[in-house]
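Have a look at the structure below before the remarks.
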Amino acid sequence: MLSEYGVLGFEYGYALANPNALVLWEAQFGDFANGAQTMIDQFISAGEQKWNRMNGVTMLLPHGYEGQGPEHSSARLERFLQLCAELNMVVTNITTAANFFHALRRQLAWPFRKPMINFSPKANLRHMGSYSRVEEFLSGGFKEVIDDANADTNKVKKVLFCSGKIYFDLAERQQKDGGQDIAIIRLEQIYPLPYKQLEALHKKYKSATWFWVQEEPLNMGAAGFLQMNLKSINFGVVSRQPSASTATGYNKVHMQEQAELIETAFSI
């Protein structure tokens, strides 16, 4: 993984020299970025502030708890969010093909350049819920937040807002239960945090109790970042227990943890 440092450095330099090109650096698994941490810390997150040079390099990091063990579950979302400040980069965790297309298109449509780090579960590549109609590619734009289209506003008592792969597990349980008193909101862009959209939804579901749901342990993922930055909404957190390791190495334990996570989200 040490070679990833040099490869990411090359892509950063290419994007610097050719700002009109869409430059993508994709890791086989998200943890591959660990070997490129110096490049991320010194250049991608801080290059604009240190040298006044914009860069639009895009990092695609597979991230999602699929039972493949510690090394292949987490791309360390919390590390990137800790580096976010002064609108220095974009951090996304996208659930649909069309929204991903519009996010990439936005990288070049902007009159400026910002690094983009996308966390993309491999499971979503094969999930029917992530597929999009042709019309969704041809019109519209990137959606930082996706509301629950099936929720009955007057009946909603609880809002589960989440990002990425966990949405599909929550949506499957919601459909199975058949109730309309829970709304599931997708946070497709975590930074810059879309305050106005979230606050508008908070007013929409004004009688509901809010919970942030994540697959990661409590000391990882976006929980800490949201608790520090999203002060206008009072919300609880549903997650795995704090852990020294990003994930368990046992598939059976993973499945049990995931089932408990979904059950807690709907029963709390």
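Quick test of the membrane-span-like rule: which DSSP H helices of the chain reach at least 27 Å along their long axis (C-alpha atoms) with mean Kyte hydropathy at least -1.0?
none
Quick check for me: using +1 on Lys/Arg Cβ and -1 on Asp/Glu Cβ, what's the dipole size of the chain about its Cα centre, in debye to the nearest 20?
With Lys and Arg at +1 and Asp and Glu at -1, about 620 debye.
Give the order of K158, K204 when sorted by the count of other beta carbons within 10 angstrom, beginning with the fewest.
Ordered by Cβ neighbours within 10 Å, fewest first: K204, K158.
Roughly how far apart, in whole Å, are the Cα centres of region 116-195 and region 36-78?
The distance from the Cα centre of region 116-195 to that of region 36-78 comes to 23 Å.
Strictly over 26 Å apart at the Cα level, which of K122/K143; K122/K204; K114/K143 would you flag in this model?
Pairs exceeding the cut-off: K122/K204.
Between W25, W212, W51, where does the largest GNM mean-square fluctuation fall for the chain, given springs only between Cα atoms within less than 10 Å?
Maximum among the listed residues: W51.
Please rank S132, S45, fewest neighbouring Cβ atoms within 10 Å first, as an exposure proxy.
S132, S45
Suppose we keep just the DSSP beta bridges with both residues in region 145-267; what percent of those would be antiparallel, to 5?
10 percent
Take every DSSP beta bridge with both residues inside the chain and express the antiparallel ones as a percent of the total, to the nearest 5.
Expressed as a percentage, antiparallel bridges in the chain total about 15.
For the chain, calculate the relative contact order in percent as a whole number, restricting contacts to Cα pairs under 8 Å that are 6 or more residues apart.
19 percent
Apply the Karplus parameterisation 6.51 cos²θ - 1.76 cosθ + 1.60, with θ equal to phi minus 60°, to every residue of region 220-226 and state each ³J(HN,Hα) to the nearest whole Hz, in sequence, with x for glycine and proline.
Each residue's phi maps through the Karplus curve to give 10, x, 9, 4, x, 4, 5 Hz.
With unit charges on the beta carbon (Lys/Arg positive, Asp/Glu negative), name the residue among Q28, V237, P192 whose Cα is farthest towards the positive pole of the charge dipole of the chain.
Farthest towards the positive pole: P192.
Neighbouring Cβ atoms within 10 Å as the yardstick, rank T209, T92 fewest first.
Sorted ascending by nearby Cβ count, the order is T209, T92.
Over the alpha-carbon set of region 145-267, work out the extent along each principal axis and list the three values in angstrom, largest first.
Principal-axis extents of the Cα atoms in region 145-267, largest first: 42, 33, 19 Å.
Report, by chain and number, residues whose modeled amide H sits under 5 Å from the one on V238, excluding near sequence neighbours (fewer than 5 apart, same chain).
W212, V213, Q214
How large is ³J(HN,Hα) for each residue in region 137-153, as worked out from phi by the Karplus curve 6.51 cos²θ - 1.76 cosθ + 1.60 (θ = phi - 60°), to whole Hz, x for Gly and Pro?
Result, rounded to whole Hz: 7, 7, 9, x, x, 5, 9, 5, 9, 10, 6, 7, 5, 9, 6, 8, 3.
Which one is right for this structure if Cα extents along the principal axes in Å is calculated from it: (1) 58, 43, 31; (2) 84, 47, 31; (3) 53, 42, 37?
Answer by label: (3).
Throughout, read-outs are computed from the coordinates displayed, never taken from laboratory work. If you're wondering where the values come from, they're calculated on a predicted model, not measured in any experiment. Note: ideal-geometry Cβ built from the backbone for every residue, glycine included; neighbour counts use all protein chains shown.
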